[in-house]
Amino acid sequence: MAIVAEQSLSYLLIPMLLKSTTRHVRIYTAEIQKNELIPSEKVLTLDIDPDNEFVWSEEALQKVYRQFDALVESNSGEDLTEYNLRRIGSDLEVFIRDLLQKGELRYNLDSRVQNFSMGLPQLDHPDSQGAYLQP
(Lines give C-alpha, C1' and ligand atoms only; values in the text may rest on other atoms or scores of the structure.)
Protein backbone atom coordinates (compact mmCIF):
# COMPACT_ATOMS: atom_id res chain seq x y z
CA MET A 1 0.00 0.00 0.00
CA ALA A 2 1.50 3.32 -1.02
CA ILE A 3 0.97 6.35 1.17
CA VAL A 4 0.72 9.51 -0.86
CA ALA A 5 0.67 13.21 0.00
CA GLU A 6 0.65 16.18 -2.34
CA GLN A 7 2.26 19.58 -1.77
CA SER A 8 1.35 22.65 -3.83
CA LEU A 9 4.22 24.32 -5.69
CA SER A 10 2.72 27.40 -7.28
CA TYR A 11 6.11 29.13 -7.70
CA LEU A 12 7.75 26.53 -9.96
CA LEU A 13 7.82 25.94 -13.71
CA ILE A 14 8.43 22.30 -14.57
CA PRO A 15 8.84 21.20 -18.19
CA MET A 16 8.79 17.43 -17.47
CA LEU A 17 8.45 14.80 -14.78
CA LEU A 18 11.28 14.95 -12.25
CA LYS A 19 11.71 12.42 -9.47
CA SER A 20 13.76 11.48 -6.46
CA THR A 21 13.83 7.88 -5.31
CA THR A 22 15.37 6.69 -2.06
CA ARG A 23 14.73 3.45 -0.19
CA HIS A 24 11.71 4.78 1.72
CA VAL A 25 10.84 8.06 -0.03
CA ARG A 26 9.77 8.76 -3.60
CA ILE A 27 9.04 12.30 -4.73
CA TYR A 28 7.57 13.15 -8.14
CA THR A 29 6.73 16.45 -9.83
CA ALA A 30 3.35 15.03 -10.74
CA GLU A 31 -0.25 14.52 -9.74
CA ILE A 32 -1.91 11.13 -9.53
CA GLN A 33 -4.89 10.81 -11.85
CA LYS A 34 -6.51 7.42 -12.48
CA ASN A 35 -3.44 5.69 -10.98
CA GLU A 36 -1.14 7.50 -13.43
CA LEU A 37 1.53 10.09 -12.70
CA ILE A 38 0.74 13.23 -14.68
CA PRO A 39 3.60 15.81 -14.75
CA SER A 40 2.59 18.99 -12.96
CA GLU A 41 4.04 22.45 -12.56
CA LYS A 42 2.27 22.93 -9.23
CA VAL A 43 2.39 19.65 -7.29
CA LEU A 44 4.92 17.35 -5.68
CA THR A 45 3.66 13.85 -4.89
CA LEU A 46 5.25 12.04 -1.96
CA ASP A 47 5.20 8.23 -1.72
CA ILE A 48 6.36 7.07 1.70
CA ASP A 49 7.68 3.54 2.32
CA PRO A 50 6.46 1.93 -0.94
CA ASP A 51 7.69 -1.52 0.18
CA ASN A 52 5.85 -1.35 3.54
CA GLU A 53 9.08 -1.95 5.44
CA PHE A 54 7.69 -0.12 8.49
CA VAL A 55 4.55 -0.13 10.61
CA TRP A 56 3.26 3.46 10.59
CA SER A 57 1.06 5.25 13.09
CA GLU A 58 -1.02 8.16 11.84
CA GLU A 59 1.04 10.44 14.10
CA ALA A 60 4.34 9.30 12.56
CA LEU A 61 2.95 9.79 9.05
CA GLN A 62 1.79 13.29 9.91
CA LYS A 63 5.27 14.11 11.24
CA VAL A 64 6.80 13.03 7.93
CA TYR A 65 4.23 15.07 5.98
CA ARG A 66 4.97 18.15 8.12
CA GLN A 67 8.71 17.66 7.64
CA PHE A 68 8.16 17.35 3.89
CA ASP A 69 6.15 20.59 3.89
CA ALA A 70 8.91 22.33 5.86
CA LEU A 71 11.63 21.08 3.49
CA VAL A 72 9.66 22.20 0.44
CA GLU A 73 9.03 25.60 2.03
CA SER A 74 12.72 25.98 2.93
CA ASN A 75 13.56 25.42 -0.75
CA SER A 76 11.04 28.00 -1.93
CA GLY A 77 12.59 30.13 -4.65
CA GLU A 78 15.24 27.53 -5.52
CA ASP A 79 15.33 25.94 -8.95
CA LEU A 80 13.45 22.66 -8.95
CA THR A 81 16.01 20.13 -10.10
CA GLU A 82 16.49 16.42 -9.53
CA TYR A 83 19.41 17.33 -7.28
CA ASN A 84 17.22 19.50 -5.03
CA LEU A 85 14.53 16.82 -4.97
CA ARG A 86 17.16 14.25 -3.94
CA ARG A 87 18.26 16.53 -1.10
CA ILE A 88 14.67 16.71 0.16
CA GLY A 89 14.33 12.92 -0.19
CA SER A 90 17.61 12.30 1.65
CA ASP A 91 16.59 14.66 4.45
CA LEU A 92 13.30 12.76 4.80
CA GLU A 93 15.23 9.45 4.98
CA VAL A 94 17.24 10.85 7.90
CA PHE A 95 14.01 12.05 9.54
CA ILE A 96 12.44 8.57 9.16
CA ARG A 97 15.55 6.97 10.67
CA ASP A 98 15.23 9.31 13.65
CA LEU A 99 11.58 8.28 14.09
CA LEU A 100 12.64 4.62 14.01
CA GLN A 101 15.41 5.16 16.55
CA LYS A 102 13.01 7.02 18.85
CA GLY A 103 10.54 4.11 18.64
CA GLU A 104 7.87 6.18 16.88
CA LEU A 105 7.71 3.60 14.10
CA ARG A 106 8.95 0.05 13.83
CA TYR A 107 9.92 -2.52 11.24
CA ASN A 108 7.09 -4.50 9.65
CA LEU A 109 8.22 -8.08 10.28
CA ASP A 110 5.52 -9.33 7.87
CA SER A 111 6.96 -7.28 5.01
CA ARG A 112 8.44 -9.01 1.99
CA VAL A 113 11.49 -6.78 2.58
CA GLN A 114 13.40 -7.57 5.77
CA ASN A 115 16.84 -6.11 5.25
CA PHE A 116 16.73 -3.73 8.24
CA SER A 117 18.08 -0.99 5.98
CA MET A 118 18.08 1.58 8.80
CA GLY A 119 19.77 -0.60 11.40
CA LEU A 120 18.91 -3.72 13.32
CA PRO A 121 15.78 -3.58 15.51
CA GLN A 122 16.49 -2.57 19.09
CA LEU A 123 15.34 -4.70 21.99
CA ASP A 124 12.70 -2.95 24.05
CA HIS A 125 13.97 -3.88 27.50
CA PRO A 126 15.65 -1.57 30.06
CA ASP A 127 18.47 -4.08 30.72
CA SER A 128 19.39 -4.25 27.06
CA GLN A 129 20.09 -0.60 26.26
CA GLY A 130 22.08 -0.51 23.03
CA ALA A 131 21.63 -4.24 22.32
CA TYR A 132 20.22 -5.39 19.01
CA LEU A 133 18.37 -8.41 17.69
CA GLN A 134 20.23 -10.60 15.24
CA PRO A 135 18.37 -11.15 11.94
Revision key, fill the gap. Only unsatisfied item for Leu80, checking (1) under 11 Å from the mean Cα position of the chain (by Cα); (2) surrounded by 15 or more Cβ atoms within 10 Å (Cβ to Cβ); (3) in contact (Cβ under 8 Å) with a residue 40 or more places away in the chain; (4) outside any strand (DSSP E or B), is (1)
Point to revise | Tabulated pairs, the range 45-67, first among the hydrophobic types (A, V, I, L, M, F, W, C), second assigned to a loop (DSSP other than H, G, I, E, B), C-beta under 6 angstrom, 6+ apart or interchain | key: Phe54/Leu105; Phe54/Asn108; Val55/Asn108; Trp56/Leu105; Ala60/Glu104; Ala60/Leu105
Study note, to complete from the structure: Restricting the range 23-64 to residues that are surrounded by 15 or more Cβ atoms within 10 Å (Cβ to Cβ) and among the hydroxyl-bearing types (Ser, Thr, Tyr), the one modelled with the lowest pLDDT turns out to be Ser40
Exercise for review: With the condition kept exactly as written, say whether any residue in the range 110-130 is modelled with pLDDT under 90, surrounded by fewer than 17 Cβ atoms within 10 Å (Cβ to Cβ), among the hydroxyl-bearing types (Ser, Thr, Tyr) and farther than 17 Å from Val25 by Cβ.
Suggested key: yes
**Study point:** Tally of residues being within 17 Å of Arg106 (Cβ to Cβ) and in a strand (DSSP E or B) across the range 25-77
**Key:** 3
Check your understanding: If you go through the range 86-109 one residue at a time, how many are surrounded by 15 or more Cβ atoms within 10 Å (Cβ to Cβ), closer than 12 Å to Arg23 by Cα and hydrophobic (A, V, I, L, M, F, W, C)?
Key -> 2
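The values are calculated or read from the model by the stated rules, or taken from the named source; none is laboratory data. All of these numbers come straight from a predicted model, not from anything done at the bench. All Cβ positions, glycine included, derive from the backbone under ideal geometry; neighbour counts span all protein chains shown.
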